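Report on one structure; see the data block that follows.
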Amino acid sequence: MNDAMTCRDLVELVTDYLEETIGATDRARFEQHLQGCEQCSIYLSQMRLTIRLTGRLTEETISEEAADELLHAFRSWKQRA
Ligand SMILES: [Zn+2]
């Protein structure tokens, strides 16, 4: 399953996706991943909410710390599964 997007890939592409600078292929893979991944769906909703509240996407809205925290949550979540 080389073409399956991972949660890490999704987190890295979320800015491009929301700014609509993502490529068509990546967009399709992104949306496919979302359908099967509740965690990433929640993450995307939170990002959309952040943008609504702040009006735009900034470096601060997606801090590295927040991304690390999310990926850590994903890892422990997958280990339990
Ligand atoms: Zn995911």
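The values are calculated or read from the model by the stated rules, or taken from the named source; none is laboratory data. The model shown is predicted, which means the values in this text are computed figures rather than measured ones. Backbone-built Cβ (ideal geometry, glycine too); neighbour counts: all protein chains shown.
Here are some notes:
- If you filter the stretch 7-22 down to residues that are surrounded by 13 or more Cβ atoms within 10 Å (Cβ to Cβ) and of a type in the set (Val, Ile, Thr), you find that the one that is nearest to the ligand (Cβ to nearest atom) is VAL11.
- Test result for ARG27, part of a helix (DSSP H, G or I), modelled with pLDDT of 95 or more and more than 15 Å from the ligand (Cβ to nearest atom): yes
- If you go through the stretch 1-54 and pick out every residue that is over 18 Å from LEU71 (Cα atoms) and among the small types (Gly, Ala, Ser), you end up with 3.
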